[in-house]
Amino acid sequence: MSRYSPSREMRVIGRIGVPKAPAWMEDAACLRVGHEKFFGPASDEGDETEEEKEAREDRARETCDGCPVRAQCKQYATGFSNGLQVGVWHGGNDDQRKLDHRKELRRAAEKRRRERQAS
Ligand code: SF4
């Protein structure tokens, strides 16, 4: 039996501070599959071990692999403050987003450096 519960999902979304949902989320493969595999157990359900987290994130990535809005999801997730938002988005976890965020900062700095040199 699915553990999906709209009221529980709203608590999760409220906890992580996701802004108003954009229209593309209507097509998200994760929309009706139960978000605990993307965000982990609720705080009142106890912590998960690192192995449990990896297994859960692998299951989330399987959903992301077939998602028709993965590109929009990645663009959305990289716009999170510092790229650190929790959970699996676009098949990537928070560690991967940190790396992506650092790469983006380096690219932007390199672009500014080239623009200064050219002017
Ligand atoms: S890529 Fe993954 S997290 Fe993003 S909308 Fe699709 S299923 Fe959900």
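Numbers at a glance
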read-out	value
Among the listed pairs Lys53/Lys98; Lys53/Lys111; Lys53/Lys103, those beyond 27 Å (Cα-Cα)	Lys53/Lys111
Distance (nanometres) between label positions extended 7 Å along Cα→Cβ at Asp27 and Ser119	3.8 nm
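Taken together, the values in this text are just the output of simple stated rules run on the coordinates, not laboratory data. Note that the coordinates shown come from a computational prediction; the quantities given were computed from them, not determined experimentally. Here Cβ is always computed from backbone atoms with ideal geometry, including for glycine, and neighbour counts include all displayed protein chains.
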